[in-house]
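Structure first, commentary second.
The values are calculated or read from the model by the stated rules, or taken from the named source; none is laboratory data. Worth saying up front: this structure is predicted, and the values here are computed from it rather than measured. Neighbour counts are summed over all protein chains in view; Cβ atoms, including those assigned to glycine, are modelled from backbone coordinates with ideal geometry.
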Amino acid sequence: MNDLNTVVESAKAAFAQATTPADLENAKALFLGKSGRITELMKGMAALPVEQKKSLGAAINLAKQAIEAALNARRQALADAQLQAQLQAEALDVTLPGRQRGQGGLHPVSITLERIEAIFGSMGFEVAQGPEIETDWFNFTALNTPEDHPARSMHDTFYVEGGTATAPNLLRTHTSPIQIRHAVQHVKKHRDALGAGSDGLFSGTMPEIRVIAPGRTYRVDSDATHSPMFHQCEGLWIGENVSFKDLKFVFTDFCRIFFESNDLMLRFRPSFFPFTEPSAEIDIQFQSGPLAGRWLEVAGSGQVHPNVVSNMGLDPEKFIGFAFGMGPDRLTMLRYGVSDLRLFFDSDIRFLSQFQ
Ligand code: DAH
């Protein structure tokens, strides 16, 4: 019996020493395997008389059960330890802040441009685009700008390579060249459709030109309210009977919707632009809020000059209309109460994220 206790104790000790499942299975073989200690003891009983066989057999069985129980306990303990180790290795600190993805958003000027497009879109205006590098013809000459006009001077215009010595290419100083580009395309399209040829000014029937043209523009200028790159949005409505009163209602509607203010007042102040005659500067006045009571200039406008209508390929005796050019940057400043234009182009996320 003592022998058996010793076997059980040494099995327990061997199992306790095993630190991996493989070690444990090797230790098991020493006691329960084919030539393990218990198996050997069983074999040794063969020669004993029946009575002894019975009692010793029962005792060996008990010892065997004790060893199996110890084995199973150790197996479980090793499995638990392994699980714990794995959990620890893969531990996740859910109290740490997550990696943020950063929510993007539209630039305030883009928000304004989308708003302008939506409002004019609802009034039947399409959106046109043109190149930022322009020729002297589209930027100045076609728009009836005299050779000696101060806007052409090196101080106001960024000239770039290309073009001719007397008419170099430039960064467009306004979106007005798109008036000409778009109208010429429009006229060509409808002339072609009518099989009207391309000679002379067009005086046939065509759908009205009703378009806005937003985009980047450039001037040699930089202070709190001027940036060398800024935005403009051109408007053009040409038909057979489009008048100044149409300009007034279109622009008044636009401003009141844009600023969400029904009592916003507008003033068309006589002015001069080479490409319009008569011309007007458009001022607005808020009736409430921090800007109330002051006239604020928001656009230039006018009835398109007959020379410009001709340069569009249209007969000015038949076609007439209006144009305007406004500054989306300035509209954004007024809408949000921003006093320095340069903030829009510094790309400081602390400023820009306020508009989301
Ligand atoms: N192009 C002018 C500017 O940059 C703005 C302007 C005035 C556009 C009158 C127009 C217009 O279409 O009719 O100052």
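Key figures for this structure:
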| quantity | calculated |
| --- | --- |
| Long-range neighbours under 9 Å by Cβ, at least six apart or interchain, first residue surrounded by fewer than 16 Cβ atoms within 10 Å (Cβ to Cβ) within the range 18-33, second of a type in the set (Val, Ile, Thr) and modelled with pLDDT under 90 | Gly33/Thr39 |
| Scope the range 224-236; condition within 16 Å of the ligand (Cβ to nearest atom) and either more than 29 Å from Phe319 (Cα to Cα) or surrounded by fewer than 16 Cβ atoms within 10 Å (Cβ to Cβ) (or both); matching residues | Thr225, His226, Ser227, Pro228, Met229, Phe230 |
| Unique residue being assigned by TED's automatic domain parsing to the domain that holds Met326, of a type outside the set (Val, Ile, Thr) and within 16 Å of the ligand (Cβ to nearest atom) when the list is Arg115, Arg172 | Arg172 |
| Cβ-Cβ under 6 Å pairs, at least 6 apart or on other chains, the range 213-224 side free of Cβ contacts under 8 Å to residues at least 40 places away in the same chain, far side among the acidic types (Asp, Glu) and assigned to a loop (DSSP other than H, G, I, E, B) | none |
| Any hit, the range 61-70, residues being farther than 30 Å from Ala27 by Cβ and either assigned by TED's automatic domain parsing to the domain that holds Val184 or at pLDDT below 95 (or both) | no |
| Matching residues, the range 227-245, being more than 26 Å from the chain's Cα centre (by Cα) and in contact (Cβ under 8 Å) with a residue 24 or more places away in the chain | Gly235, Leu236, Trp237, Ile238, Gly239, Glu240, Asn241, Val242, Ser243, Phe244 |
| Selection count, the range 151-184, where residues are part of a helix (DSSP H, G or I) and among the charged types (D, E, K, R) | 2 |
| Odd one out for Gly163, checked against (1) at negative phi; (2) touching a strand residue (DSSP E or B) at 6+ places or on another chain (Cβ under 6 Å) | (1) |
| Test: residue in the range 251-274 that is surrounded by 20 or more Cβ atoms within 10 Å (Cβ to Cβ), in contact with a Pro (Cβ under 6 Å, 6 or more places away or on another chain) and at pLDDT 95 or above | no |
| Pairs with Cβ under 9 Å, 6+ apart, first in the range 76-95 and in the same structural domain as Phe15 (by TED's automatic domain parsing) and modelled with pLDDT of 90 or more, second surrounded by 10 or more Cβ atoms within 10 Å (Cβ to Cβ) and part of a loop (DSSP other than H, G, I, E, B) | Leu78/Ala18; Leu78/Thr19; Leu78/Thr20; Ala81/Thr19; Gln82/Thr20 |
